[in-house]
Amino acid sequence: SSEDGLYSAGEGWAIDDVEVKAGLFDVRFFDDMEAGIGTWTRSTFPAVGDYWKIAGNVPTEQVCTANSTKVWKVSNDVTGGLVTRLDDLLLSPPVAVGQADQVFLFFDVYRNLSLNVCFYYGVQIRTKNIGAPSWSAWADPTGLLYFGSEREWLQQTVTLAGAGNGDSLQFR
């Protein structure tokens, strides 16, 4: 991870170290992206090209000789920039939460965007109980639209309200 800073070359937005906890301490899911795409799913609507991909030492990170961390990045490989009007979804694998009272999503976010440029994103979840024929409809657990600008790093924490109603959940 590039937790110690970003440098000015390049442009983009990346996600790293995704974690789901039941309560504050019971880790139910963790992915540091080091094993590649795994069981994550990428989807783009409308079909303008899918830019979510696992990459290491992307231009938005500070490159260190010992840094071999991989992240999900959403930038064009040719231009290095973000694609305007892109509705690009990254779907998690199912996570067993066992109807926990509280469920939280944590992930590291790295942004390195051009001056006066913002990137907007939201989080949605769906749940499923054991024996149920299908997943619930997608729902926004917070009603918040997250955004970022210029060079910043943070650990995003999202309370997944309603996720405790299911045995499993997925988020995007």
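For the reader, a short list of remarks on this structure follows.
- Summed over the range 99-138, residues that are open to solvent by 60 Å² or more (accessible area, probe 1.4 Å), hydroxyl-bearing (Ser, Thr, Tyr) and modelled with pLDDT of 90 or more total 1.
- Each residue in the range 124-151 was checked for being assigned to a strand (DSSP E or B) and more than 18 Å from Pro93 (Cβ to Cβ), and 5 of them qualify.
- Look at (1) at pLDDT 75 or above; (2) polar (S, T, N, Q); (3) open to solvent by 20 Å² or more (accessible area, probe 1.4 Å) and you find that Asn57 fails only one, number (1).
- The single condition from (1) surrounded by fewer than 12 Cβ atoms within 10 Å (Cβ to Cβ); (2) closer than 25 Å to Asn165 by Cα; (3) at pLDDT below 85 that Leu89 fails is (1).
- Residues located in the range 152-172, provided they are part of a strand (DSSP E or B) and open to solvent by 40 Å² or more (accessible area, probe 1.4 Å): Glu152, Trp153, Leu154, Gln155, Thr157, Thr159
- Condition check for Phe29 on (1) in contact with a strand residue (DSSP E or B) (Cβ under 6 Å, 6 or more places away or on another chain); (2) more than 17 Å from Arg172 (Cα to Cα); (3) at pLDDT 80 or above: one failure, at (2).
The values are calculated or read from the model by the stated rules, or taken from the named source; none is laboratory data. Values in this document were obtained by computation on a predicted structure and should not be read as measured data. A quick note on method: Cβ atoms are made from the backbone with ideal geometry, for glycine too, and the neighbour counts reach across all protein chains shown. Keep in mind that these areas ignore ligands, DNA and RNA; they rest on the heavy atoms of the full protein, side chains included. Shrake-Rupley method; radii C 1.70, N 1.55, O 1.52, S 1.80 Å.
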